[in-house]
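Worksheet for the structure shown next.
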Amino acid sequence: MEYMEKINQIAELSIIIPTYNETANIIPIVEAINNALPQACWQIIFVDDDSPDGTAETIGRLAKRDSRIRLIHRIGRKGLSSAVIEGMMASTTEYVALMDADLQHDETLLPTMLDTLRSNNSDLIIASRYMETASTGELPIYRRSLSVAAIRLTELFLKTQLSDPMSGFFMIRKSLLERVVRQLYGRGFKLLLDIFSACSAKGISVRYLELPYTMRSRKFGDSKLDIGIGFDLLFLICYRYFLGVIPVHFFAFSLVGLLGVGVNMALLWFFLKVTTLEYTFAYVAALYITMTNNFLLNNQFTFRTQRLLGRRLIKGLFGFFAACSVGAIVSVGVSSLLFEKFNLPWWLAGLSGMLVSAFWNFASSSTFVWNSPDKKG
Ligand code: GDD
Ligand code: MN
């Protein structure tokens, strides 16, 4: 037991910092945290998704000189929530914090957050931009209104009363996270909401506290948050509502498909009435343009966390054509079988055929087209 008696230096706080193209921010953020937490025993776990700008190398160089700095370097993976969850699960400290790498979050709040958790009156401390004395700093007006709209939406659906449910700056007791980690949705940007809604789904009432702060603006690098992030929120809400039984992405995929029917008809009309194309040619042209459009929409929204780019986009498009062609054959087969052999009414046979092909197209394209190793964003 000599070994057990000798060890005493244990970190009590892990700060998880997800990074994507943040090279210029690494040293400043570590320095800021180091200055803010002189008394506490902490470590930083960076989770980098193989940033092309060499962020991982910068962190690696620093980690050689400071053993409190750790790095999880993910290859072929992407996604903020999943990066953060992995970082948190790699930590073995009692408390875990989440921060942006870009110095937007006020690190001087960390000691108060830690002390509050230590005093054992709460399990989760959230730094909030929307409390009376707080401010969103120089957040552009559209981002602010988007954020406020999202807050209303979450109040409505997820029944949270948080002033800043989208906050990306909070500190949590690790044991609370461990109780719900298997129920997390794990995609997108909204981990805090994910945790809250998972807790409420399990009947756990969270002891939380909000602290106001002013968000700074970015000095180096660009924000990775775009309008599409709103879809992540909608997906999360649907996920909780359907309790994860039906794949939420199937709804998005079907919605795109439904829109495609309209696009296809409009194009067919255009080619026949406005141009003088022959029918078969017009039909094939309309069909392929529609499929390409559906592919791009699915790439942008439905499968945004596995989004294809560059050469993989072209390869994916042909894969999608192939998947849909097989889907069409399957659909013709099923629908004629139901109509001819089982004497179903024409509309029911037709509808069933379409549903089967929607399922087929969804299953095959999520397996063969958007099949990056990271299925969970
Ligand atoms: N590993 C990894 N993978 N890190 C990522 C990824 C990713 O796919 N995408 C973004 N990051 C990192 C960034 O490098 C940054 O450190 C942090 O995650 C947050 O990304 P930002 O691009 O700085 O987001 P933001 O400042 O626009 O958004 C902030 O406010 C949102 C609320 O409006 C963040 O705090 C969000 O978490 C928060 O939801
Ligand atoms: Mn940021």
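The values are calculated or read from the model by the stated rules, or taken from the named source; none is laboratory data. These numbers come from a predicted model, not from an experiment. Cβ placement follows ideal geometry from the backbone for every residue including glycine, while neighbour counts extend to all protein chains displayed.
What tally of residues in the range 302-326 results from selecting those that are outside any helix (DSSP H, G or I), more than 20 Å from the chain's Cα centre (by Cα) and under 21 Å from L259 (Cα atoms)?
So the answer is 0.
Take the conditions in a helix (DSSP H, G or I), aliphatic (A, V, I, L, M) and out of contact with any Pro (no Cβ under 8 Å at 6 or more places or on another chain) and apply them to L344. Does it pass?
no
What residue, among those in the range 19-43 that are within 12 Å of ligand 1 (Cβ to nearest atom) and aliphatic (A, V, I, L, M), is surrounded by the most Cβ atoms within 10 Å (Cβ to Cβ)?
Filtering first and then ranking leaves I26.
Could you check the range 330-351 and list, in sequence order, the residues that are of a type in the set (S, T, N, Q) and more than 18 Å from F253 (Cβ to Cβ)?
S335, S336, N343
For (1) of a type in the set (A, V, I, L, M); (2) touching a Leu at 6+ places or on another chain (Cβ under 8 Å), each residue gets a yes or a no:
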{"residue": "G168", "(1), (2)": "no, yes"}
{"residue": "M171", "(1), (2)": "yes, yes"}
{"residue": "S175", "(1), (2)": "no, no"}
{"residue": "E178", "(1), (2)": "no, no"}
{"residue": "R182", "(1), (2)": "no, no"}
{"residue": "Y185", "(1), (2)": "no, yes"}
{"residue": "I195", "(1), (2)": "yes, yes"}
{"residue": "C199", "(1), (2)": "no, yes"}
{"residue": "K202", "(1), (2)": "no, no"}
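Of the conditions (1) within 33 Å of the chain's Cα centre (by Cα); (2) over 30 Å from L80 (Cα atoms); (3) not aromatic (F, W, Y), E340 satisfies every one except a single condition; which number is it?
(1)
Among the residues that make up the range 294-305, is at least one of them farther than 18 Å from N371 by Cβ and either free of Cβ contacts under 8 Å to residues at least 60 places away in the same chain or among the hydroxyl-bearing types (S, T, Y) (or both)?
So far as the range 294-305 goes, yes, one or more of its residues are farther than 18 Å from N371 by Cβ and either free of Cβ contacts under 8 Å to residues at least 60 places away in the same chain or among the hydroxyl-bearing types (S, T, Y) (or both).
Which pairs have Cβ atoms under 8 Å, sit 6 or more apart or on different chains, and link a residue in the range 211-222 that is near ligand 1 (Cβ under 10 Å from one of its atoms) to one that is assigned to a strand (DSSP E or B)?
Partner pairs satisfying both residue conditions: M215/S135.
Looking at Y142, Y130 in this structure, which one is more than 24 Å from A83 (Cβ to Cβ), surrounded by fewer than 17 Cβ atoms within 10 Å (Cβ to Cβ) and among the aromatic types (F, W, Y)?
Y142
Checking S82 against (1) buried (at least 20 other Cβ atoms within 10 Å of the Cβ); (2) away from ligand 2 (no atom under 16 Å from the Cβ); (3) under 22 Å from A40 (Cα atoms), which single condition isn't satisfied?
(3)
In the range 148-195, which residue that is outside any helix (DSSP H, G or I) and β-branched (V, I, T) is nearest to ligand 2 (Cβ to nearest atom)?
I172
Any residue in the range 176-191 that's modelled with pLDDT of 90 or more: show its pairings with residues that are not in a loop (DSSP other than H, G, I, E, B) and not hydrophobic (A, V, I, L, M, F, W, C) at Cβ separation under 6 Å, as long as the two are six or more apart or on different chains.
Filtered contacts from the range 176-191: L184/D194; L191/S81.
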